[in-house]
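First comes the structure, then the notes that go with it.
The values are calculated or read from the model by the stated rules, or taken from the named source; none is laboratory data. All values reported here derive from a predicted model rather than from experimental measurement. For neighbour counting, all protein chains shown are included, and Cβ atoms are generated from backbone atoms with ideal geometry for every residue, glycine included.
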Amino acid sequence: TSTDGEKVLPFQSAFFEACCRSGRPVVPVALHWSSTCGQVSVGEEVAYWRPEHTFLPHLIRFLSIRTLQVQVLFGAPLAPAGKSRIQLAREAHEEVCRLLDEARSTAPGPVFSGPGCRGVEPEAGVNL
């Protein structure tokens, strides 16, 4: 799923079927992107893919951000025993949302705003 990071879209339960059948646990994982540069909108420039975006300008914009940080957060394994894939998907979604709420509450806010936030600025007329 791709959003601006403000919400987590529902998980597709079909992806949890293999865990339900095999009895293997699901490990919820959340990625939290942040930047200490006030000029960088992580939601717009990193995490979110809009239909009008093209790959190369998006990649250049992403790679030019010097102050980008990512937290990888792992939740406790979720046992599938006795659960449907729908229940397991809901539990995983709830845990990922909880992990992201925790990361947002401890993430630093923008502390620097200036030309040093980016390594490479796009040329005039380049639509990034």
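Tabulated data for the structure shown
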{"read-out": "Out of V26, V46, V8, sole residue that is of a type in the set (A, V, I, L, M) and at pLDDT below 85", "value": "V46"}
{"read-out": "Count of residues meeting criterion [touching a Ser or Thr at 6+ places or on another chain (Cβ under 8 Å) and either among the β-branched types (V, I, T) or modelled with pLDDT under 90 (or both)] in region 71-88", "value": "2"}
{"read-out": "So H58, is it closer than 22 Å to E95 by Cβ, surrounded by 13 or more Cβ atoms within 10 Å (Cβ to Cβ) and at pLDDT 75 or above", "value": "no"}
{"read-out": "Candidates S64, S35, S41 - the one that is modelled with pLDDT of 75 or more, surrounded by 13 or more Cβ atoms within 10 Å (Cβ to Cβ) and under 23 Å from L100 (Cα atoms)", "value": "S35"}
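Conditions (1) surrounded by fewer than 13 Cβ atoms within 10 Å (Cβ to Cβ); (2) of a type in the set (D, E); (3) over 29 Å from C37 (Cα atoms); (4) modelled with pLDDT under 65, marked per residue:
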| position | (1), (2), (3), (4) |
| --- | --- |
| R90 | no, no, yes, no |
| V96 | no, no, no, no |
| P108 | yes, no, no, yes |
| P115 | yes, no, no, yes |
